[in-house]
Amino acid sequence: MTSQLIKGKNIVKDDWVTAELAETEQIVRMQAGKIVAFKLSGEDYPGEEQVKNSIFPATGKTLLPLKVFILHQEELSERLANGEIGIWFSTHEEIHSVTGTIGDLNDFPLIAIHVEKFADGRIFSIGSQLRNKYNFKNELRAFGDVLRDQIFFLKRSGFNSYLIRKDRDAKDAIKGLDDFSDPYQGASDIEDPVWKRRKR
Amino acid sequence: MYKYDQIDQKIVNERVDQYQSQLNRYLNKELSDEEFRPLRLQNGLYIQRHAPMLRVAIPYGLLSSNQLHKLANIADKYDRGYGHFSTRQNIQFNWPKLEETPDILRELAEVEMHAIQTSGNCIRNITTDQFAGVTDDEIIDPRHIAEIIRQWSTFHPEFALLPRKFKIAITGSKKDRALVQCHDIGLEFFINSNKEMTIKVWVGGGLGRTPIIGSVIKNELGWEHILTYCEAILRVYNLYGRRDNMYKARIKILVKSLGIEAFRKLVEDEWSYIKNGPNTINTEELSRVKKYFSEPAYKKDIKNHLKDYESNKAFSQWLSRSTNTHKKKGYRAVTFSLKETGCAPGDASSTQMRAVSNLSDKYSFGEIRVSHEQNLILADVQEDELYELWNEAKEYHLVTPNIGLLTDIICCPGGDFCSLANAKSIPIAQSIQDLFNDMDYLHDIGDININISGCMNACGHHHVGHIGILGVDKDGSEWYQVTLGGNQGNFASIGKVIGPSFSADEIPFIIRKIIEVYLKNRQEEEIFIDCVSRIGLEPFKNYIYKKVEA
């Protein structure tokens, strides 16, 4: 099978293994209207049990769920130093609540954000914060419901790799990166707005 | 007005290509209905009751004669010869064919127009005062900042898929005609004590299902920070606004549930690291955009001989209702009413559009404005040409002298067209206009707004109508709830429901009863809304429901 991963503007082989969260039947309803971690459905996710039950490969480049990494942080320190640990989290999770506990984000060669639904635009603000607020410099990947028509926005929000949904043609999706050639506003990729870049 | 350079034109052209590709992939079944939906919506395309509806952007309500001419041609070529001007100062076509929508966009691009972000969960058309630049109570012309915000918000990558739609309004006058307190973000320009252009920022206002007047998040913001500050507000909203329930997804719900203090703190935290960042506006950019809005070549010493026409009652009535004072001596702003009895409020035929386009070339420097009250405006007409203009416009049914009067009804398309509506709204407006057909009586009643929405989404702004009418569905039939005491402007307020709802047939007579109570109770020169504020709802309720004389 050809790869679904776009890095920069090319399709490349994915040399990371993504560790999934364990299956769960636990549902926690959160109170409405507060700043809490909402999944699109309004449930808390992942739950504590689920994090505990999640398993992952013992060697090689491994992309771990954020909460699973935190749980196993000490035993993973050597692998982290070897550059073989990345983390992923979903759009409802908040990186700022754990930045103090997981050390320097730039120790991770890869951070990936999972977007459950195309219409969930939180991923863009998360990308922007990772680049501009937390100065994350390494590979930032989007995966999940990732399609041609969001990747221009993802690129501009600081992402540089995109795992296209399995049933779609990644080669076709690359075209989306060039939808617009000279955007108006400054963002994470091109920082200056057009009026500073060009004589108007 | 603003003219595109190569950069603007290229973005709009690239958008047409992108949309064409999206539509092709949808028609080839490479995109599902669900996947195409947010894409078509961001381009103003709704799937309606009868056909798709295409909403075309009119940035801050400003049109050139050339653009209006093009809209008329599009109405003839792709639609049924008319268009509907909306409360967001945009225009909607109700009968285009899906396959032809890219062709329409291509034609629009030829005259520097588009349908970008006219719908969907993104930053919508920026709106402002229809009298910007010409009104004598203006402190700052808001149009150049509106244009800068338009460009910044166009395809802003971070805010392309928000929890819900997001509306920004700007005012620079003493009297707010842009409803800034009823917007997701409202920007009120003023000059601070150091004589600098400054902005008071309102957040979390809105109509819809849960009407809320906005809160002030920042009392004084330097103009150069407006983009980064909006970015901070939008980032907090994008991350924390609810996405599990679309009825609770607007920023107003987030602001209300957190409280303005907590919300402000989150915004200030975000702003702290982007303040003074690359999107901070510099004076070069401000002056570049500003020069597009410089004054036209006004004439001096215009002889005003309006007195000669005093005996012409129809003209005098029009002069008093449909023209506004102007900052330049000898000029007035003229409002063409799209509220003639028998026509759907806000609708204009292609013939009318062409006529307005031609009249603007002849009398008003070739520019037209659309008001959120759904009328068309020529902003710079010489007083000595008003009579000729009136005479010419009469033929096209544009001079009904009802601006600001009871029959100048704000109305959404309603159940006749919109698939969201619970009830029809256009026939309600028409039945009220039919009952109140005596122009002298209307002038005697004076200033009053009736706003009608066919559903909770409140496109007809019923909450802020002095009289608001809301279509509701009860066991499958259409009923209408009436509110009193809503108001727009600097003293915005949300109307209160007077009691159980009415059938469509009853509505005009209920309006008549409301007016009777007002006429009995008003003090000298007291306008309707002031009278309602003074006497309260009881006399109206008693008369309508208990038949107690007021």
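Read-outs: derived from the displayed coordinates by stated rules, not from any lab. In this text the structure is predicted, and so the values were computed from the model without any measurement. Cβ placement follows ideal geometry from the backbone for every residue including glycine, while neighbour counts extend to all protein chains displayed.
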The pairs in B:Lys97/B:Lys394; B:Lys339/B:Lys474; B:Lys175/B:Lys200; B:Lys496/B:Lys546; A:Lys13/A:Lys52 lying past 22 Å Cα-Cα in this model are B:Lys97/B:Lys394; B:Lys339/B:Lys474; A:Lys13/A:Lys52
Within the protein assembly as shown, cysteines having no neighbouring cysteine beta carbon under 4.7 Å are B:Cys122, B:Cys182, B:Cys230, B:Cys343, B:Cys411, B:Cys418, B:Cys455, B:Cys531
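Which of rounded, prolate, oblate describes the stretch B:283-344, given a ≥ b ≥ c as roots of the alpha-carbon gyration tensor eigenvalues and a/c under 1.5 marking rounded, otherwise prolate only if a/b is larger than b/c?
oblate
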Pseudo-spin-label distance B:Ile302 to B:Lys29, built 7 Å along Cα→Cβ, given in nm, is 6.2
Partner aspartates and glutamates whose C-alpha sits under 19 Å from that of B:Lys275, ignoring same-chain residues fewer than 8 away, are A:Asp189, A:Glu191, A:Asp192, B:Glu158, B:Glu196, B:Glu220, B:Glu224, B:Glu231, B:Glu284, B:Glu285
Checked against the positive end of the charge dipole of the stretch B:306-394 (+1 on Cβ of Lys and Arg, -1 on Cβ of Asp and Glu, about the Cα centre), the farthest of B:Thr351, B:Ile377, B:Ala393 is B:Ile377
Binned at 20 Å starting from 0, the alpha-carbon pair-distance distribution of chain B in whole percents comes out as 21, 57, 21, 0
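Output the relative contact order of the stretch B:127-289, whole-number percent, from Cα pairs under 8 angstrom with separation of 6+ residues. Could the numbers behind the result be given before it?
Values: 284 pairs, mean separation 32.6, N = 163.
Averaging sequence separation for qualifying contacts and normalising by length gives 20 percent for the stretch B:127-289.
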Rg/Rh over Cα atoms for the stretch B:306-394, Kirkwood Rh, comes to 0.94
XL table A:Lys117/B:Lys248; B:Lys424/B:Lys541; A:Lys67/B:Lys256; A:Lys7/A:Lys171; Cα-Cα > 21 Å flagged, in table order, is B:Lys424/B:Lys541; A:Lys67/B:Lys256
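Evaluate the relative contact order of the stretch B:38-128 (contact order divided by residue number), counting alpha-carbon pairs under 8 angstrom at least 6 apart; express in whole percent.
Computed over the stretch B:38-128, the figure is 43 percent.
Determine the shielding of peptide A:126-132 by partner chains: average, over its residues, the number of Cβ atoms on other chains within 10 angstrom of each Cβ. Walk me through the intermediate numbers first.
Details: counts 4, 2, 7, 5, 0, 0, 3.
Across the residues of A:126-132, the mean count of other-chain Cβ atoms within 10 Å is 3.
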So the FRET efficiency between B:Thr283 and B:Lys327, C-beta based with R0 = 22 Å and rounded to 0.05, is 0.35
For peptide A:145-157, the mean count of other chain Cβ atoms within 10 Å per residue Cβ is 4
The stretch B:1-80 and the stretch B:482-501 have their Cα centres apart by a whole-number Å value of 35
Computed over the stretch B:127-289, the distribution of all Cα-Cα distances in 10 Å bins, rounded to whole %, is 11, 41, 37, 11, 1
Measuring from its Cα centre, the protein assembly as shown shows a charge dipole (+1 at each Lys and Arg Cβ, -1 at each Asp and Glu Cβ) which, in debye to the nearest 20, is 400
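Work the Kirkwood hydrodynamic radius out for the stretch A:67-120: mean of 1/r over every pair of different alpha-carbon atoms, inverted, in Å.
Details: mean 1/r = 0.0828 Å⁻¹.
Hydrodynamic radius (Kirkwood, Cα pairs) of the stretch A:67-120 is 12.1 Å.
Based on Cα coordinates alone, diagonalise the gyration tensor for the stretch B:1-76, multiply each eigenvalue by 5, take square roots, and list the semi-axes in whole Å, largest first. List each step's numbers first, then the result.
Working: eigenvalues 137, 58, 23 Å².
Those come to 26, 17, 11 Å.
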Within the stretch B:204-288, DSSP-loop trypsin sites (Lys or Arg not before Pro) with at most 16 other C-beta atoms within 10 Å are B:Arg209, B:Lys275
Hydrodynamic radius by Kirkwood for chain A, inverse mean 1/r across distinct Cα pairs, in Å, is 17.9
For B:Lys195, the lysines lying under 19 Å Cα to Cα, once residues fewer than eight places off in the same chain are dropped, come out as B:Lys174, B:Lys218, B:Lys290
Exposed-loop cut sites defined as GluC sites (Glu not before Pro) in DSSP loop states with at most 13 other Cβ within 10 angstrom; longest site-free run of chain B spans B:1-195
The orientation-averaged projected area of the Cα convex hull of the stretch A:82-200, in nm², is 8.3
Taking only Cα atoms of the protein assembly as shown, the Rg to Rh ratio with Kirkwood Rh works out at 1.00
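Using a 10 Å cut-off on Cβ to Cβ distances, tally the other chain neighbours for every residue of A:186-199 and report the average as a whole number. List each step's numbers first, then the result.
Details: counts 9, 7, 2, 1, 1, 3, 3, 10, 7, 10, 6, 2, 3, 1.
Whole-number average of other-chain Cβ neighbours for A:186-199 is 5.
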In terms of the alpha carbon gyration tensor, root eigenvalues a ≥ b ≥ c, rounded if a/c is under 1.5 and otherwise prolate when a/b exceeds b/c or oblate, the stretch B:410-545 is prolate
Quick calc, the stretch B:127-289, dipole around Cα centre from Cβ unit charges on Lys, Arg (+) and Asp, Glu (-), nearest 20 debye, gives 880
Of the convex hull drawn through the C-alpha atoms of the stretch B:71-157, the volume per residue in Å³ is 131
Given unit charges at Cβ for Lys, Arg (+) and Asp, Glu (-), the dipole magnitude of chain B about its Cα centre in debye, nearest 20, is 1140
Note, the stretch B:442-454: 3J(HN,Hα) by Karplus (6.51, -1.76, 1.60, θ = phi - 60°), whole Hz, Gly/Pro = x, goes 4, 5, 5, 5, x, 5, 6, 10, 10, 10, 10, 10, x
Non-local residues with an amide H under 5 Å from the amide H of B:Thr118, with H modelled 1.01 Å from N and Pro and chain starts lacking one, are B:Gly44
Simple spin-label estimate for B:Lys3/B:Glu196, 7 Å along Cα→Cβ, in nm, reads 3.3
Projecting the Cα atoms of B:Ala262, B:Ile403, B:Thr128 onto the charge dipole of the protein assembly as shown, where Lys and Arg contribute +1 and Asp and Glu -1 at Cβ, the residue farthest towards the positive end is B:Ala262
